[in-house]
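The values are calculated or read from the model by the stated rules, or taken from the named source; none is laboratory data. In this text the structure is predicted, and so the values were computed from the model without any measurement. Reconstructed Cβ throughout: ideal geometry from the backbone, glycine too, with neighbour counts over all protein chains shown. These area figures cover heavy atoms from the full protein model, side chains too; ligands, DNA and RNA do not enter into them. Shrake-Rupley method; radii C 1.70, N 1.55, O 1.52, S 1.80 Å.
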Amino acid sequence: MDAESTLAAVIPGVPMAPGREGRHTENALVGWILVVGLTLVGYLLLALGSSAGGPSWPRHVFLGLGAAGVISYGFWVFPYFRRLELRLPVGRERWSRLETELITAFEQLGAGDLVRSIEHTRGLPERLAKVSDAASAALSHLAQQIQDSSIEVASAADAVNEIASELASGSSEQAASVVEITAAMEELARTASMIAENASRQAELASRAEASGDAGSASVFEAVTGVEEVQKRISAIASRADGLGTRSKEIYRVLDLITEIAQETHILSLNAAIEAAAAGADGRRFSVVADEVRHLAQRSQESVESVRNLLDEFSSSIRATIVATEEGSKEASRVLERSRAASIAIEDLRRASGDTSRVAQQISLATQQQNSASDEVVMTLREVSLVVQRMTGGLKNLSSTADRLNTLGLEIQLLAQSFHLDSPRSLKHLVESWARQLEKVPGVTEKEAALEELVRHAPFVELGYLMGLDGSTLVLSFNRDLLDERQRSLAAEVRKTDVRTRPWFKAVSRHWRTTLIPPYESMQNSEACFTVCTPLLNPDGSVAAVLGIDINVTGWTRI
Amino acid sequence: MSDLLDQAESRARREEGTHLLVRAGEYSCALPLALVRRVVRALTVHPLPGAAGELEGLAEFGGEPLPVLNLARLVSSPPGANPSYPVTVVVWVGPPEARETIGLSADAALEVVHVPAGSMVAGDGGFVQGEAPVGGEVVRVLNLEALGNEA
């Protein structure tokens, strides 16, 4: 079945071919003449056959059938074709209208305006309109699904990118930490080796100290014994010195007695001298004796004094000896006490040295084991470091892949947004709905307030603007959540620019149709953004201005 | 008693210049040997109530009471070191016609010396007759007769 027969089957009254218009009656007349002619030719041939001896009845039958056919054709076929020819202009006019609607619908469809394409199919026949609406609805649904999917893909890519970035950052930190831990473990291993070596030396020194402690303990024991013996001897010396002191006192008493005797003798000699003097010449010899006795007493007294002095020195020495022996005894007691304390301390030190030696040996063994474990840990950490580095590289690749995926999602989104859908997520639909709202607002100030309100409720719109056809800026509305003060001041520079040179203005003014401009560099923040713009119409249908919205590519997933 | 006094006078004349050297405080005093009766260890003195400064008291000598004077105070000597063997010198004092026996407490009895009359420097003319060098030391030569007059 070709397209023409299909169309004829769908559209009742559609002519077979435009080239045969007005010739149906003529064709029907030619057909009737042919039928008459064929009937006559057949009769003549059958008449020739019957003259040659054949039966005559076939000739009559054929003639009757031919007459019936001619009559029937004249009554039924010819009028049919005549009526058909009369209906042809009406069908042609209807076909032309349908063709125009269909072409317009397909043009809208080709422009991606599924809403208007549906509007243009309303004049089509029911079945064709249903099929066209179903196709448009399916396409619209598909475009919406593509939009949603692209947003989800981009959001997922953002999430993956964020996670990958965090993981990459974490992996980098982890790699750095692993390197630091590896260095620390290597240092720990070196330190453990030194500790093991020092512990071995300490164990050896402690063993020597223990042996020295044994020798020292024995020496101190001997010293204690010697000091005890010295103390005994000092006590004996003190006892003897005390005895000498006692004897010295006896000697003093003897000396006192001798002194007294010498004094008595001296006095006696003086009295003798007195008596000798009284005796006159007879007493002169006696006076000599008395004088000798006095001298003898004096010498005795001097000797006693000498002995007393010597005895004083001796007593002083004895007292000094006693004091010295007492101090020596006390010092010996202190030395003995200290020696005993030293003995206890040395014994404690010896035990401590023994314990230290054993602990040091255990430390040495433990640190050797720790050294081995540290080596294994270092090897493992190096492997971990390699794995982490590979993982970091993989995560960076994943991040770049997510970036590419995000870009791809944006491209898909833009492709899907090239369709004008009856959906709040369709930017063309959004911009046109805004345009319809703004068209109803009378003045520029009121339009600015209305656009400000519209932008405020569209978190993904960075900037909304209304431009005159002369390239002037009529209204600028910023999204204060997306643009800071500096960026807003930069965006205000647009007022000084003739926007007719901007690509989006050129694109929308080409067909005065809602247009989506692919990403380009924004004037306000030098970031990539894309624009959707649509003409704003006057009540008479003429273009009054251009409404545009800028959407930053970093925030387009909020659509 | 009178015999003894006579003997003393005669001995004084014979023994003129011979003295008994005693220590009284820081001074050394020479007592005429002729008037010295006895040298004894320091007697036990019983102080007399209301007695003068020089009179130490009464002692017992030969069964009789004997007044004892402090020689150091008599010669106004500063007190010396604590004597190791004090003595009491029993002497006759006073003029020849009225001699009395008294005791002079001294720190020590030293020796019998000869004091030449020419070497003596005149003293106060009283109890201290004069001063004379003896053995490199200046001694006070006492006049016991003058002590009897003062007493």
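Observations
- If the condition is being touching a helix residue (DSSP H, G or I) at 6+ places or on another chain (Cβ under 8 Å) and without any contact (Cβ under 8 Å) to a residue 40 or more places away in the chain, then segment B:126-142 contributes B:Gly126, B:Gln129, B:Pro133.
- Single residue of segment A:466-502 satisfying the filter (touching a Phe, Trp or Tyr at 6+ places or on another chain (Cβ under 6 Å) and assigned to a helix (DSSP H, G or I)) that is farthest from A:Cys533 (Cα to Cα): A:Arg488
- Residue within segment A:350-357 that is acidic (Asp, Glu) and under 30 Å from A:Gly216 (Cβ atoms) present: yes
- Qualifying residue in segment B:44-60 (condition: touching a Ser or Thr at 6+ places or on another chain (Cβ under 8 Å) and either modelled with pLDDT under 85 or within 11 Å of chain A (Cβ to nearest Cβ) (or both)): no
- Looking across segment A:434-465, the residues that are in a helix (DSSP H, G or I) and open to solvent by 40 Å² or more (accessible area, probe 1.4 Å) come down to A:Arg436, A:Gln437, A:Glu439, A:Lys440, A:Val444, A:Thr445, A:Glu446, A:Glu448, A:Ala449, A:Glu452, A:Glu453, A:Arg456.
- All of B:Gly135, B:Gly118, B:Gly80 fail the test of being over 19 Å from B:Tyr27 (Cα atoms), open to solvent by 20 Å² or more (accessible area, probe 1.4 Å) and more than 16 Å from the chain's Cα centre (by Cα), apart from B:Gly118.
- Any hit, segment A:200-217, residues being more than 30 Å from A:Ala332 (Cβ to Cβ) and among the hydroxyl-bearing types (Ser, Thr, Tyr): yes
- Candidates B:Ala72, B:Ala106, B:Ala52, B:Ala81, filtered to the one that is of a type in the set (Gly, Ala, Ser) and under 28 Å from A:Gly280 (Cβ atoms): B:Ala106
- Residue in segment A:423-431 that is among the charged types (D, E, K, R), over 19 Å from A:Val475 (Cβ atoms) and touching a residue at least 40 places away in the same chain (Cβ under 8 Å) present: yes
- Members of segment B:61-100 that are within 14 Å of another protein chain (Cβ to nearest Cβ) and hydroxyl-bearing (Ser, Thr, Tyr): B:Ser84, B:Tyr85, B:Thr88
- When the helices (runs of 4 or more DSSP H) confined to segment A:46-126 are screened for residues that are of a type outside the set (A, V, I, L, M) and farther than 30 Å from A:Leu421 by Cβ, those reaching at least 1 such residues are found at A:57-72, A:78-110.
- Candidate set: segment A:293-321, residues that are under 16 Å from B:Tyr85 (Cβ atoms) and within 12 Å of another protein chain (Cβ to nearest Cβ); chosen: the one surrounded by the most Cβ atoms within 10 Å (Cβ to Cβ): A:Arg294
- Failed condition for A:Asp256, given (1) away from chain B (no Cβ under 14 Å); (2) over 30 Å from A:Ser333 (Cα atoms); (3) surrounded by fewer than 14 Cβ atoms within 10 Å (Cβ to Cβ): (1)
- Checking each residue of segment A:211-223 against the condition of being among the aromatic types (Phe, Trp, Tyr), open to solvent by 50 Å² or more (accessible area, probe 1.4 Å) and within 14 Å of chain B (Cβ to nearest Cβ) gives no match.
- The residue list A:Leu38, A:Leu45 contains one member that is open to solvent by 60 Å² or more (accessible area, probe 1.4 Å) and either modelled with pLDDT under 80 or farther than 26 Å from A:Leu84 by Cα (or both), which is A:Leu45.
- Test: residue in segment A:268-287 that is away from chain B (no Cβ under 13 Å) and at pLDDT below 90: yes
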